[in-house]
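To start, the structure under review is shown below, and the notes come after it.
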Amino acid sequence: MKDRPVLLRELGELRSIFIRFALVLFALALFMLSVGTPSIATHLFTVMKTSLIPQGVSIVALGPLSPFIAPISIAFMTAFIISFPYFLFSLMRYIAPALYDKERRALFILYFSSVALFFLGCIFAYFILIPYTLATLYSFAGPLGVTPFFSLDAFIATVFGLTVSTGIAFLVPIIMKVLSSVGLVPAKLWRSHWRVAMIVIVVFSALITPDGSGVTMAILSVPLLLLYGAGVLVSSRV
């Protein structure tokens with residue numbers, strides 16, 4: 001019974017972290033929707049359309065609400081990507097008081113590694129994975145003699161879905177390091193089950209990439225497999 005107030009206090013602190021993150025997320029999204037004419041979110045859509053859509057493909061709005069919802073979706077998804085480091089920092093600051101000085105220094109390095117890998121994954125998805133995926137898929141429209149187009153809602157969902165999921169997937173070595181550090185997964189288990197990990201990575205890549213040819217699946221699988229290998233190395237030092 002004495003532990004119950006402590007548990008409630010810790011849960012309240014975790015809730016405060018998520019509330020602050022939601023407020024930061026909302027503030028950034030509101031800023032991108034309200035500043036500029038047109039807004040920052042609209043400019044971002046123009047940049048995305050220019051850099052990602054293959055030549056000859058049109059984006060169409062399939063309903064009257066799509067042009068209204070599109071900037072809002074872009075603003076909130078962009079705000080999530082920008083504020084994700086703040087969320088990680090809040091979690092690590094919550095954990096830090098329970099650690100020794102040496103562990104806090106390791107946590108500091110872990111934080112910057114996580115941020116770097118997350119943004120590296122987002123950059124990889126935006127500049128390599130998504131353009132190649134769209135170019136590959138729409139290359140089949142010409143031989144069929146059909147007019148290629150992309151619905152506005154599907155375009156935004158595809159771009160941000162692949163960007164965020166790839167960014168999070170690039171955190172594989174960090175997750176492996178943490179699980180081994182806290183004793184949940186022995187470091188040798190990562191090495192001995194590399195075949196299972198390879199299958200999981202390939203299946204995951206196939207699920208989040210819409211290209212049925214398997215080319216983009218391979219493009220995503222290669223860096224994830226390399227990151228898994230890096231995770232095996234850093235986990236073995238625990």
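The values are calculated or read from the model by the stated rules, or taken from the named source; none is laboratory data. Please read all numbers here as calculations on a predicted model, not as lab measurements. Counting neighbours? That spans all protein chains shown, and the Cβs are built from the backbone with ideal geometry, glycine included. Keep in mind that these areas ignore ligands, DNA and RNA; they rest on the heavy atoms of the full protein, side chains included. Shrake-Rupley method; radii C 1.70, N 1.55, O 1.52, S 1.80 Å.
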Practice task
Collect the residues in segment 15-41 that are of a type outside the set (Phe, Trp, Tyr), at negative phi and loosely packed, with under 13 Cβ neighbours inside 10 Å, keeping them in residue-number order.
Solution key: Arg15, Ser16, Ile19, Ala22, Leu23, Ala27, Ser34, Val35, Thr37, Pro38
Exercise for the section: Would you be able to say whether some residue in segment 198-209 is at pLDDT 85 or above and outside any helix (DSSP H, G or I)? Expected result: no
Exercise for the section: For segment 1-107, please list each of the helices (runs of 4 or more DSSP H) lying entirely inside it that holds at least 2 residues being over 30 Å from Leu134 (Cα atoms) and touching a residue at least 60 places away in the same chain (Cβ under 8 Å). Expected result: 3-34, 66-95
Practice task
Output the number of residues of segment 190-234 satisfying the condition of being of a type in the set (D, E, K, R) and more than 30 Å from Ala154 (Cβ to Cβ).
Solution key: 2
Practice task
Kindly indicate whether any position in segment 133-155 is modelled with pLDDT of 85 or more, among the aliphatic types (A, V, I, L, M) and under 16 Å from Pro223 (Cα atoms).
Solution key: no
Fill in the blank from the handout: Selection over segment 46-84 where residues are under 15 Å from the mean Cα position of the chain (by Cα) and either aromatic (Phe, Trp, Tyr) or modelled with pLDDT under 90 (or both) yields a count of 3
Problem - Listing of helices (runs of 4 or more DSSP H) fully contained in segment 133-183 that carry 2 or more residues being farther than 30 Å from Ala96 by Cα and open to solvent by 30 Å² or more (accessible area, probe 1.4 Å) - result: 141-144, 152-169
